[in-house]
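All remarks here apply to the structure that follows.
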Amino acid sequence: MKLNIGIAEKDLKSTNKLLVAILADGMTLYIKTRKAHWNVSGESFMELHKLFEGQYKQLEESIDEVAERIGKLGEKTIGTMEEFISLTSLKEHPGKYVSSKEVIAELLADHESVIVKLRANIDESADKNNDAGTADFLTGLMEQHETTAWVLRRYLN
């Protein structure tokens with residue numbers, strides 16, 4: 001059934017494209033944070049193990065919300081690793097296991113990259129796609145990533 005929510009079909013398609021990219025980045029960041037949780041070691045092991053667990057749980061919730069937003073706007077949601085890998089802007093490092101400080105720095109850089117992308121997507125959603133709902137949704141998502149980035153940054157100062 002065609003949507004009648006005050007957003008042109010071309011704008012809905014444009015919004016879906018950016019949401020799919022956000023979903024792919026979210027899944028990649030989720031997997032990277034899980035890897036950090038599983039492999040952290042050293043004198044701050046338990047603290048970082050719990051920190052990463054909280055972060056991947058928050059990412060899991062936001063991933064689901066992004067996927068549901070795609071559905072609310074009338075599109076099907078991607079859901080295979082192949083699709084996520086082909087659409088993410090984040091880089092993985094298979095077989096590479098780094099120190100706690102290095103993994104924190106990498107996750108921080110990923111969150112900051114997502115923040116920059118979300119900031120641009122907020123403007124595109126509001127100004128180009130006439131979609132205030134998605135712009136508002138993305139603002140909340142960006143704020144979550146800003147908080148996570150702030151926490152990670154504190155470990156590096």
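Please treat every number below as a calculation from the coordinates, not as lab data. This is a predicted model, so every value here is computed, not measured. Virtual Cβ from ideal backbone geometry, glycine too; neighbours counted across all protein chains shown.
Before moving on, here are some points about what is shown:
- R0 of 25 Å, Cβ-Cβ distance TRP150-HIS93: FRET efficiency to nearest 0.05: 0.55
- Per-pair calculated FRET efficiency, R0 = 41 Å: ASP123 and ASN39 via Cβ, rounded to 0.05: 0.65
- Cut-off 11 Å between beta-carbons: net charge of the residues surrounding ARG153, Lys and Arg +1, Asp and Glu -1: -1
- Dipole of the chain computed with +1 at Lys/Arg Cβ and -1 at Asp/Glu Cβ about the Cα centre; of TYR97, SER14, ALA149, farthest Cα towards the positive end is TYR97.
- Counting lysine pairs in the range 9-156 whose alpha carbons fall under 17 angstrom apart, excluding pairs fewer than 8 residues apart on the same chain, gives 23.
- The ALA21 and LYS50 beta-carbon pair, evaluated with R₀ = 25 Å, returns a calculated FRET efficiency of approximately 0.25.
- Model label sites at GLU60 and ALA105, defined 7 Å from Cα along the beta-carbon direction, differ in position by 3.0 nm.
- The long axis of helix 45-72 is offset from the longest Cα principal axis of the chain by roughly 10 degrees.
- For the chain, the longest principal axis of the C-alpha atoms and the axis of helix 132-156 are separated by about 10°.
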